[in-house]
Amino acid sequence: MGGKFVDNFRVIEIKALNSTNFLITIESENDLPEIHPGQFVNIDIKNAPEVFLRRPFSIFEVDYSKKTISLIIKILGKGSKKITEIKQGETLNIIYPLGKGFTYPKTNDNILLVGGGSGVAPMLFLAKKSGIKNVDIILGAKTKQDHINVDEYSKYASLYFTTEDGSLGEKGYVTNHTAFQQLSKFTKIYACGPYSMMKTIAKEAQKAGVFCEVSLENLMACGFGVCLCCIEPTKKGNLCVCTQGPVFNVNDLKW
Amino acid sequence: MVDLSVKIHQLELKNPVMTASGTSGFAGEINDFYDVSLLGAVLLKGITLKNRDGNAYPRMAETASGMLNAVGLQNKGVDYFIKHIYPAIKDFDTSLIVNINGSTIEEYIEVAEKINELEHIPAIELNISCPNVKEGGMSFGINSRSSEIVTREVRKAYRKTLIVKLSPNVTDITEIAKAVEGQGADSVSLVNTFLGMAINAEKRIPLLSTITGGLSGPAIKPIALRMVWQVYNAVKIPVIGIGGIMNATDAIEFMLAGASAVQVGTAIFKDPFIPLRIVDGINEYIERHEIQSASDLTGLLQV
């Protein structure tokens with residue numbers, strides 16, 4: 001028994017990071033269980049009759065002493081939009097911690113993290129938590145305005161950016177970036193973002209023979225492995241993204 | 001504490017709240033949140049004779065006050081269940097009920113025979129109402145004659161409590177209920193999901209890989225409630241009410257309409273604690289109304 005919780009958190013901060021991304025920090029009255037990068041919460045959407053199911057979001061930051069969890073909410077539809085309308089002091093009901101996180105790198109690993117769009121949050125969480133020296137991160141977005149400020153992460157990693165219009169960092173996709181061209185120098189590659197991006201990364205990592213994990217976000221109903229809706233076809237059969245993922249080794253996927 | 005226990009044929013439940021098949025895994029997933037022994041029963045995920053991969057993704061679409069699913073009975077087969085799942089869950093102190101499925105009568109019989117040997121499984125729910133499989137499933141349950149035959153054959157193979165789960169996708173559900181009662185069903189549970197459909201208008205594509213799927217959630221509650229009332233008035237065996245139950249009031253409504261127990265399904269996706277809150281709510285209701293026991297609620301509707 002135990003391991004997963006349904007809990008009301010109080011919103012202590014909500015701020016717009018740019019036009020579509022919001023940072024929400026929520027506080028529990030209870031001590032937090034251990035949470036790993038790649039794990040997610042499933043949020044109940046209140047006062048939205050048109051939204052029936054919860055919405056899953058990957059965890060961005062955890063502060064055990066303050067009992068807080070931070071999330072980056074990107075507005076994608078009715079559910080996420082409603083969450084961003086919440087006010088400080090209101091409560092957010094979440095089921096957590098859900099899913100299996102990324103495989104932690106070892107001290108001597110040389111890792112590359114690639115985040116695109118809403119996939120930035122777990123990559124930054126992993127960079128912070130990995131506790132190792134050799135970390136490169138490439139973050140991609142459409143334009144400079146679509147990137148969030150990640151300056152403080154320069155403590156944990158070398159940061160590289162791409163934009164489709166060239167307004168920040170190198171122009172193009174994350175997979176066009178100079179730092180992405182010598183994959184064999186890395187011992188582990190982690191990615192989270194649009195499926196097309198992750199598929200290209202998976203293919204390149206496999207070509208270079210480098211360990212690679214990606215985080216999927218298939219449509220979910222429950223988030224804890226009972227509805228079997230979010231399945232991903234893998235070499236081990238149809239697996240639940242919510243419990244057997246969301247993080248998968250690309251060698252197990254049928255991409 | 002008042003008496004919450006109810007009886008479904010020989011099956012004694014500590015309270016009338018069960019989780020519905022396909023919404024609570026194999027009980028361990030719910031036990032990750034709280035002690036499942038607080039529930040009346042857990043209906044395990046539907047199993048078949050052989051491994052089934054289920055349908056292709058996407059299998060789920062959110063709809064107004066509910067959702068469509070087209071999982072298609074993904075499971076690893078009855079032998080895997082007996083060898084790898086049953087040993088880990090058999091000592092949970094609640095009634096574990098296996099939901100059995102088949103593409104043919106022979107498959108249903110073989111699964112029932114195997115489950116009959118399991119000491120800690122006091123009942124099966126014969127699923128003749130899954131709308132998401134090409135063969136078997138609902139095709140048995142939408143016709144009185146085939147419902148009779150599969151119930152009769154499974155009855156011969158299974159000696160403990162036999163519950164038959166009915167499809168609402170029929171002209172007259174009482175005909176099917178009477179048909180399975182006549183062949184030895186100890187109880188009927190209703191309803192399974194309603195066949196439905198959802199479309200992405202912009203892309204002009206269906207939202208489910210199977211085009212159609214099963215609708216569940218509060219959207220179906222009034223129809224399910226009507227069907228429970230009709231069946232309660234048509235058969236003598238206990239009725240188990242299912243369909244969009246989100247809280248204790250919903251559950252009590254089903255019992256007043258004639259259900260001896262209820263199953264909570266889609267609500268679990270919203271919050272796995274809802275079944276527990278329903279147990280507490282039923283307790284509070286019968287105390288407040290000075291009713292002696294939960295079983296007295298059944299059919300108490302004043303008309």
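The values are calculated or read from the model by the stated rules, or taken from the named source; none is laboratory data. All of these numbers come straight from a predicted model, not from anything done at the bench. Backbone-built Cβ (ideal geometry, glycine too); neighbour counts: all protein chains shown.
Among the candidates B:133, B:180, B:170, the residue that is modelled with pLDDT under 95 and of a type in the set (A, V, I, L, M) is uniquely B:133.
Note on the stretch A:106-146: residues that are under 14 Å from residue A:20 (Cβ atoms) and either assigned by TED's automatic domain parsing to the domain that holds residue A:38 or in contact (Cβ under 8 Å) with a residue 24 or more places away in the chain (or both) amount to 11. Screening A:50, A:90, A:61 for residues that are in contact (Cβ under 8 Å) with a residue 60 or more places away in the chain, assigned by TED's automatic domain parsing to the domain that holds residue A:16 and in contact with a helix residue (DSSP H, G or I) (Cβ under 9 Å, 6 or more places away or on another chain) leaves exactly one candidate, A:61.
Residue-by-condition table, conditions (1) crowded, with 18+ Cβ neighbours inside 10 Å; (2) within 19 Å of residue B:264 (Cβ to Cβ); (3) within 7 Å of another protein chain (Cβ to nearest Cβ); (4) more than 19 Å from the chain's Cα centre (by Cα):
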position	(1), (2), (3), (4)
B:2	no, no, no, yes
B:20	yes, yes, no, no
B:23	yes, yes, yes, no
B:35	no, yes, yes, yes
B:48	yes, no, no, no
B:51	no, no, no, yes
B:58	yes, no, yes, yes
B:67	yes, yes, yes, no
B:72	yes, no, no, no
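Would a scan of the stretch A:197-205 turn up a residue that is assigned to a strand (DSSP E or B), more than 12 Å from chain B (Cβ to nearest Cβ) and over 15 Å from residue A:137 (Cα atoms)? Checked the stretch A:197-205: no residue is assigned to a strand (DSSP E or B), more than 12 Å from chain B (Cβ to nearest Cβ) and over 15 Å from residue A:137 (Cα atoms).
Residues that are assigned to a loop (DSSP other than H, G, I, E, B) and surrounded by fewer than 24 Cβ atoms within 10 Å (Cβ to Cβ) within the stretch B:162-189 comprise B:169, B:170, B:171, B:172, B:183, B:184, B:186, listed in sequence order. Every listed requirement among (1) touching a residue at least 12 places away in the same chain (Cβ under 8 Å); (2) more than 20 Å from residue B:20 (Cα to Cα) is met by residue B:168 save one, (2). Residue count for the stretch B:174-190, restricted to those that are of a type in the set (A, V, I, L, M, F, W, C) and over 17 Å from residue B:8 (Cα atoms): 2. Looking only at the stretch A:147-159, decide whether some residue is outside the structural domain of residue A:28 (by TED's automatic domain parsing), in contact with a helix residue (DSSP H, G or I) (Cβ under 8 Å, 6 or more places away or on another chain), over 15 Å from residue A:69 (Cβ atoms) and of a type in the set (Asp, Glu). For the stretch A:147-159, residues outside the structural domain of residue A:28 (by TED's automatic domain parsing), in contact with a helix residue (DSSP H, G or I) (Cβ under 8 Å, 6 or more places away or on another chain), over 15 Å from residue A:69 (Cβ atoms) and of a type in the set (Asp, Glu): absent.
Can you list the helices (runs of 4 or more DSSP H) found entirely within the stretch B:2-120 that contain at least 3 residues being within 29 Å of residue B:146 (Cβ to Cβ)?
In the stretch B:2-120, the matching helices (runs of 4 or more DSSP H) lie at B:105-116.
Tallying residues that are touching a Leu at 6+ places or on another chain (Cβ under 8 Å) and under 21 Å from residue A:126 (Cβ atoms) within the stretch A:5-24 yields 3. Just one of the listed residues (A:67, A:82, A:74) is surrounded by fewer than 21 Cβ atoms within 10 Å (Cβ to Cβ) and within 19 Å of the chain's Cα centre (by Cα), and it is A:74. Among the residues making up the stretch B:268-285, those that are under 13 Å from residue A:226 (Cβ atoms) and in contact (Cβ under 8 Å) with a residue 40 or more places away in the chain are B:268, B:269, B:272, B:275.
Under the condition of being of a type in the set (A, V, I, L, M, F, W, C), in contact with a Lys or Arg (Cβ under 9 Å, 6 or more places away or on another chain) and more than 14 Å from chain B (Cβ to nearest Cβ), the residues counted in the stretch A:48-66 number 2.
Look at the stretch A:1-25: where a residue is within 11 Å of chain B (Cβ to nearest Cβ) and a partner is of a type in the set (Gly, Ala, Ser), sitting 6+ places away or on another chain with Cβ atoms under 6 Å, you get A:7/A:28. Residues considered: B:213, B:241. Of these, the only one that is out of contact with any Ser or Thr (no Cβ under 7 Å at 6 or more places or on another chain), within 14 Å of chain A (Cβ to nearest Cβ) and either under 18 Å from residue B:294 (Cα atoms) or part of a strand (DSSP E or B) (or both) is B:213. If a residue must be outside any loop (DSSP other than H, G, I, E, B), closer than 18 Å to residue B:56 by Cβ and more than 10 Å from chain B (Cβ to nearest Cβ), how many such residues does the stretch A:206-238 contain? Counting residues in the stretch A:206-238 that are outside any loop (DSSP other than H, G, I, E, B), closer than 18 Å to residue B:56 by Cβ and more than 10 Å from chain B (Cβ to nearest Cβ) gives 1.
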